[in-house]
1. Which residues, taken from the stretch 67-101, are among the aliphatic types (A, V, I, L, M), closer than 20 Å to Thr401 by Cβ and assigned to a strand (DSSP E or B)?
2. Restricting the search to the stretch 256-314, which residues are of a type in the set (S, T, N, Q) and within 29 Å of Gly355 (Cβ to Cβ)?
3. In the stretch 302-316, how many are more than 14 Å from Gly244 (Cβ to Cβ) and either hydrophobic (A, V, I, L, M, F, W, C) or surrounded by 24 or more Cβ atoms within 10 Å (Cβ to Cβ) (or both)?
4. Can we say Tyr285 is assigned to a loop (DSSP other than H, G, I, E, B), under 20 Å from Gln239 (Cα atoms) and touching a residue at least 12 places away in the same chain (Cβ under 8 Å)?
5. Quick one: in the stretch 389-414, of everything that is surrounded by fewer than 18 Cβ atoms within 10 Å (Cβ to Cβ) and within 16 Å of Gly108 (Cβ to Cβ), which residue is nearest to the chain's Cα centre (by Cα)?
6. For Arg299, only one of the following conditions fails: (1) in a loop (DSSP other than H, G, I, E, B); (2) surrounded by 24 or more Cβ atoms within 10 Å (Cβ to Cβ). What is its number?
7. Taking the stretch 360-379 on its own, how many of its residues are of a type in the set (D, E, K, R) and under 14 Å from Asp403 (Cα atoms)?
8. Just checking, how many residues over the stretch 394-433 are hydroxyl-bearing (Ser, Thr, Tyr) and either assigned to a loop (DSSP other than H, G, I, E, B) or in contact with a Lys or Arg (Cβ under 8 Å, 6 or more places away or on another chain) (or both)?
Amino acid sequence: MCRNMSLLRVVHTPLRGTWAVVALAAVACAWQGAAADDWPDWRGPNRDGICKETGLLDRWPEGGPPLVWHVTGLGRGYSTVVVSRGKVFTTGQRGDGVYLIALDEATGRKLWETRFAPRGKANSTPVVDGDRVYALATEGDLVCCSVRDGRILWQKNFPRDFGGKMMSGWGYSETPLVDGEKLVCTPGGPQAGMVALDKLTGRTIWQSRIPGGGKRGRDGAGYSSIVISHGAGVKQYVQLMGRGVAGVRASDGRFLWGYNRVANGTANIPTPIAVNDYVFCSSGYGTGAALLRLRRAGRDQVRAEEVYFLPANVFQNHHGGMVLVGRYLYAGHGHNQGFPICLDVRTGRRAWFGGRGPGSGSAAVLYADGHLYFKYQNGVIALIEANPRRYRLKSQFRMPTNDNQNWAHPVIANGRLYLRSLGELFCHDVRKK
């Protein structure tokens, strides 16, 4: 039991005073299950883009923080890295298929690599759980491997095993969720929108049927990753799919609620933020964003109520992700733009807008030690103060190599900043000396 669980007793307080306390409690609980400074999952241990490390540089020298190591030859891909117990994991595409790769955290030296898909691309970030690591390729090949040597322990294929379907043609890109004994993922099939597998064997525990898309959404999986919510007192898995945002009961996969207004018909990408009874979600392609409140609707029933909807000209996040710090949400705004923005999540009002910012294209965002790390599509890395009162750019540098598709998210683990540009990975020391 989390020793900070007492903080979560504010579950039924009004919206105005809830966000800061509950957000901090959720992060504190999540970190008790992982090594203090490791980063074993997509967007961190709580899947929220929040790094708890302190003592990090608040300004960078000219040219960026010191480079510890740099590796090439990972293969193409938009997978970022995860870090666990001295190893760094990622995926990469080469001519003969998709590989899961393990590197030494101290030196970047390759420890092993495993080809787990004969074709497809490497869009998905792996997830580590103890002595196992899980990875997914765009054609739906899901693999469980040994952390020690990369040996394949079991495999599944979403289209073949579950009738899986994507909403559009860029392929599966989620990171599966490890929750207790389950590995939960999103094949997107008519009878298997989400599935829970035994993480040790791959055996199916349950399959969840998700109703079809609304006017703007489509059936099938999106490009987002599942997060856990306890909204309305029911543990559930929340996912942005082709049809929109959906919640299913964690115990048996029963469909609980859906919200289609935030969906677009091309690609629904950002991972939702779930805190207390609330879910914040967004997508690009001219769609917008919404705050939802989850309420009980009879025994074991949950309904999602729209608190507000923000049109695309107010806020839309394409694929760089969003972070919630207290009651303020920080992100890159605009379709394929990445304009720095801060919103008061209670009301949806802008606290500040940073304009174009130092880079161009979409921006992937990470929070650590009072600052935002913006990684722009054109290879510019920016350090922005996480201050809701004003926009303040502290430092910036440009990665030495860039293909103008710098979509892999930044990661901080054990005082090091990891930046991937397709087949290359840069590891920087961002600790204060």
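The values are calculated or read from the model by the stated rules, or taken from the named source; none is laboratory data. Only a predicted model underlies this, so the values are computations on that prediction, with no experimental measurement involved. As a convention, Cβ positions derive from the backbone with ideal geometry for all residues, glycine included, and neighbour counts pool all protein chains shown.
1. Going residue by residue through the stretch 67-101, those that are among the aliphatic types (A, V, I, L, M) are 67-68, 71, 74, 81-83, 88, 98, 100-101.
Checking the rest, the ones that are also closer than 20 Å to Thr401 by Cβ come to 67-68, 71, 74, 81, 88, 101.
Scanning the stretch 67-101 gives Leu67, Val68, Val71, Val88, Ile101.
2. So in the stretch 256-314, the residues of a type in the set (S, T, N, Q) come out as 260, 264, 266, 268, 271, 276, 282-283, 287, 301, 313.
Result: Asn264, Thr266, Asn268, Thr271, Ser282, Ser283, Thr287, Asn313.
3. Within the stretch 302-316, residues that are more than 14 Å from Gly244 (Cβ to Cβ) and either hydrophobic (A, V, I, L, M, F, W, C) or surrounded by 24 or more Cβ atoms within 10 Å (Cβ to Cβ) (or both) number 7.
4. Values: assigned to a loop (DSSP other than H, G, I, E, B): yes; under 20 Å from Gln239 (Cα atoms): yes; touching a residue at least 12 places away in the same chain (Cβ under 8 Å): yes.
Yes.
5. Asn414
6. Only one criterion in (1) in a loop (DSSP other than H, G, I, E, B); (2) surrounded by 24 or more Cβ atoms within 10 Å (Cβ to Cβ) is unmet by Arg299, namely (2).
7. Residues of the stretch 360-379 that are of a type in the set (D, E, K, R), as a first pass: 369, 375.
Then keep just the ones that are under 14 Å from Asp403 (Cα atoms); that gives 375.
Of the residues in the stretch 360-379, 1 are of a type in the set (D, E, K, R) and under 14 Å from Asp403 (Cα atoms).
8. Here is the first cut: in the stretch 394-433, the residues hydroxyl-bearing (Ser, Thr, Tyr) are 395, 401, 418, 421.
Narrowing further to those that are either assigned to a loop (DSSP other than H, G, I, E, B) or in contact with a Lys or Arg (Cβ under 8 Å, 6 or more places away or on another chain) (or both): 395, 401.
Number of matching residues: 2.
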